[in-house]
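The values are calculated or read from the model by the stated rules, or taken from the named source; none is laboratory data. Computed from a prediction, not measured in an experiment: that's the story for all the values here. All Cβ positions, even for glycine, are placed from backbone atoms using ideal geometry, and neighbour counts span all protein chains on display.
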Amino acid sequence: GESVGLHLPTLSVQEGDNSIINCAYSNSASDYFIWYKQESGKGPQFIIDIRSNMDKRQGQRVTVLLNKTVKHLSLQIAATQPGDSAVYFCAESFQGGSEKLVFGKGTKLTVNP
Amino acid sequence: DTGVSQNPRHKITKRGQNVTFRCDPISEHNRLYWYRQTLGQGPEFLTYFQNEAQLEKSRLLSDRFSAERPKGSFSTLEIQRTEQGDSAMYLCASSNRLAGGHGAQYFGPGTRLLVL
């Protein structure tokens, strides 16, 4: 069945370091992936998305890499700041029908000053 | 663009009572989704609308749950005869599906439900 999982439930980094959050997915039919940031008591906040016809996409301080061969997704955050502390979720969907998102459990990122 | 809004933000109710939540999507977004999130887990899909039509419902959506989007704009999610297991964060998201591809889903702040 569909599943999205994360390799590490927690990640602690120093301010200014780069962070890498990993995600594995199992549905080979998935063709769209999104990373969300969720702070305590708030809804998920869109960070960046990538379609399956791409391997890499860059945003402001963030980069998403997609490896379809091993069904792996990663989020890289450059120069991590205390405000980046949150839970990060990857989500997958496939085109057609509802395009509902399937989420993993999340990785908690803590940025130490 | 004021983002997705949800009301109320918090709801405490007694078991057996009915509750209704409202979601106002980003204007002109044609798709609206409801998800449920429990502590420590990622959101789980409940149902989705394209305009006013409810086109898919998850098996998580028991007969006690009903959702509407009467005019293709705001949506309501009602839970009848609430149970303690219904306690969760109820999230709404909207998207504007692009021709030939996905539209990113943007989430509201959620409604946190506690059933006593």
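Being farther than 25 Å from A:T107 by Cα, within 10 Å of another protein chain (Cβ to nearest Cβ) and surrounded by fewer than 20 Cβ atoms within 10 Å (Cβ to Cβ) is not true of B:R64. Residues of the range A:55-71 that are in contact with a Phe, Trp or Tyr (Cβ under 8 Å, 6 or more places away or on another chain), within 16 Å of A:S26 (Cα to Cα) and in a strand (DSSP E or B): A:L66 alone. A single entry from B:R36, B:R15, B:R22 fulfils the requirement of being part of a loop (DSSP other than H, G, I, E, B), modelled with pLDDT of 95 or more and either crowded, with 21+ Cβ neighbours inside 10 Å or more than 14 Å from chain A (Cβ to nearest Cβ) (or both): B:R15. Restricting A:Q81, A:Q95 to residues that are at the interface with chain B (Cβ under 10 Å from one of its Cβ atoms), touching a residue at least 60 places away in the same chain (Cβ under 8 Å) and polar (S, T, N, Q) narrows the list to A:Q95.
Looking at the range B:67-116, which of the residues that are in contact (Cβ under 8 Å) with a residue 60 or more places away in the chain and of a type in the set (S, T, Y) is farthest from the other protein chains (Cβ to nearest Cβ)? The selected residue is B:T82.
Residue check: A:I34 meets all listed conditions (1) surrounded by fewer than 20 Cβ atoms within 10 Å (Cβ to Cβ); (2) within 12 Å of chain B (Cβ to nearest Cβ); (3) under 19 Å from B:A104 (Cα atoms) but one, namely (1).
Condition check ((1) at pLDDT 95 or above; (2) loosely packed, with under 14 Cβ neighbours inside 10 Å; (3) not hydrophobic (A, V, I, L, M, F, W, C)) across all residues:
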{"position": "A:N18", "(1), (2), (3)": "yes, yes, yes"}
{"position": "A:N22", "(1), (2), (3)": "no, no, yes"}
{"position": "A:R57", "(1), (2), (3)": "yes, no, yes"}
{"position": "A:V62", "(1), (2), (3)": "yes, no, no"}
{"position": "A:N67", "(1), (2), (3)": "yes, yes, yes"}
{"position": "A:K71", "(1), (2), (3)": "no, no, yes"}
{"position": "A:I77", "(1), (2), (3)": "yes, no, no"}
{"position": "A:F89", "(1), (2), (3)": "yes, no, no"}
{"position": "A:G97", "(1), (2), (3)": "no, yes, yes"}
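For the range A:79-113, the set of residues classified as in a strand (DSSP E or B) and more than 11 Å from the chain's Cα centre (by Cα) consists of A:A86, A:S93, A:V102, A:K108, A:L109, A:T110, A:V111, A:N112, listed by residue number. Within the range B:39-56, if we keep just the residues that are closer than 17 Å to A:A91 by Cβ and part of a loop (DSSP other than H, G, I, E, B), the residue that is nearest to the other protein chains (Cβ to nearest Cβ) turns out to be B:G42. Any residue at all in the range A:45-53 that is outside any strand (DSSP E or B) and within 14 Å of another protein chain (Cβ to nearest Cβ)? Yes: one or more hits.
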